[in-house]
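Just below is one structure, and these are the notes that go with it.
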Amino acid sequence: MSMDSENLIIDTCHIDDIDIVKHIHEQNYGKVWDKYFFEKMLKETQYEIYIIKSNNKVSGFIAFQGVGNAYELIMIIVDKYYRNNGLGSYLLSEAIRKLKLKGVSLITLDVSNDNIIAQKLYKKHGFVKFGERLGYYNINNKKINSESYKLVNF
Ligand SMILES: CC(C)(COP(=O)(O)OP(=O)(O)OC[C@H]1O[C@@H](n2cnc3c(N)ncnc32)[C@H](O)[C@@H]1OP(=O)(O)O)[C@@H](O)C(=O)NCCC(=O)NCCS
């Protein structure tokens, strides 16, 4: 599959998208968030979720939590089948643009220190590392350190 930007659409996640978004999350990340959490994210104003559609099919999503000018990127996932074709980059840049329009001036995130691909994506979009958190993630009972990144002046 090659990326054709004319067939890519970024949209706010709606209630009808939850099943597919939850499926993408589960297939690519495991059962970390349940349906109730996705519904809560749509209802509560401190969350923002955007989806990316490729040829009208939901192929990834990005989620933020925050208030006022400061938001945290809590998840970005592109379905395995669609990866490494620019979708993650497009989704992240459009989400940043939308948050900026809302008055956001600081975006932070934590990423597992072994997730080199995601780190490359974030750095490409101007995020800079500002710290580490020891044992931040607990994956299969294994403590994994995270790297903290921030995006300012965008
Ligand atoms: C991270 C993720 C969202 C990237 O999505 P994607 O659509 O594959 O990303 P893109 O094709 O837009 O690539 C963006 C950048 O990521 C990096 N990248 C993507 N795939 C890569 C690969 N296989 N190897 C090395 N770098 C890669 C590159 O820097 C790339 O930019 P470049 O093509 O200019 O070099 C995707 O890999 C994913 O869903 N991973 C699983 C979930 C996850 O770990 N999320 C982050 C933590 S919440």
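All of the numbers you see were taken from the coordinates with simple rules; none came from a lab. Quantities reported herein were computed from a predicted structural model and do not represent experimental measurements. We place every Cβ from the backbone using ideal geometry, glycine too, and count neighbours over all the protein chains shown.
Counting only residues that are out of contact with any Phe, Trp or Tyr (no Cβ under 7 Å at 6 or more places or on another chain), more than 8 Å from the ligand (Cβ to nearest atom) and closer than 14 Å to LYS22 by Cα, the range 58-97 holds 1 of them. Does LYS124 fit the bill of being of a type in the set (Lys, Arg) and either within 20 Å of ALA95 (Cβ to Cβ) or in contact with a Cys (Cβ under 6 Å, 6 or more places away or on another chain) (or both)? Here the answer is yes, as LYS124 does meet what is asked.
When restricted to residues that are small (Gly, Ala, Ser) and touching a residue at least 40 places away in the same chain (Cβ under 8 Å), the range 22-62 contains 1. When the range 100-109 is limited to residues that are out of contact with any Phe, Trp or Tyr (no Cβ under 6 Å at 6 or more places or on another chain) and either among the acidic types (Asp, Glu) or closer than 19 Å to THR12 by Cα (or both), the one that is farthest from the ligand (Cβ to nearest atom) turns out to be GLY103. Out of ASN69, ASN115, ASN55, ASN84, one residue alone is closer than 22 Å to SER148 by Cβ and loosely packed, with under 15 Cβ neighbours inside 10 Å. It is ASN69. Restricting the range 34-66 to residues that are of a type in the set (Gly, Ala, Ser) and within 13 Å of ASP79 (Cβ to Cβ), which is farthest from the chain's Cα centre (by Cα)? The selected residue is SER54. Is there a residue in the range 134-141 that is β-branched (Val, Ile, Thr), within 12 Å of the ligand (Cβ to nearest atom) and either free of Cβ contacts under 8 Å to residues at least 24 places away in the same chain or part of a loop (DSSP other than H, G, I, E, B) (or both)? No, the range 134-141 contains no residue that is β-branched (Val, Ile, Thr), within 12 Å of the ligand (Cβ to nearest atom) and either free of Cβ contacts under 8 Å to residues at least 24 places away in the same chain or part of a loop (DSSP other than H, G, I, E, B) (or both). Selection of the range 103-120 for residues being in contact (Cβ under 8 Å) with a residue 40 or more places away in the chain and more than 20 Å from LYS31 (Cα to Cα) yields SER105, LEU106, ILE107, THR108, LEU109.
Among the residues of the range 28-48, the one identified as touching a strand residue (DSSP E or B) at 6+ places or on another chain (Cβ under 6 Å), under 13 Å from HIS14 (Cα atoms) and surrounded by fewer than 21 Cβ atoms within 10 Å (Cβ to Cβ) is TYR47. Among the residues making up the range 110-133, those that are assigned to a loop (DSSP other than H, G, I, E, B) and either under 18 Å from GLN65 (Cβ atoms) or more than 8 Å from the ligand (Cβ to nearest atom) (or both) are ASN113, ASP114, HIS125, GLY126, PHE127.
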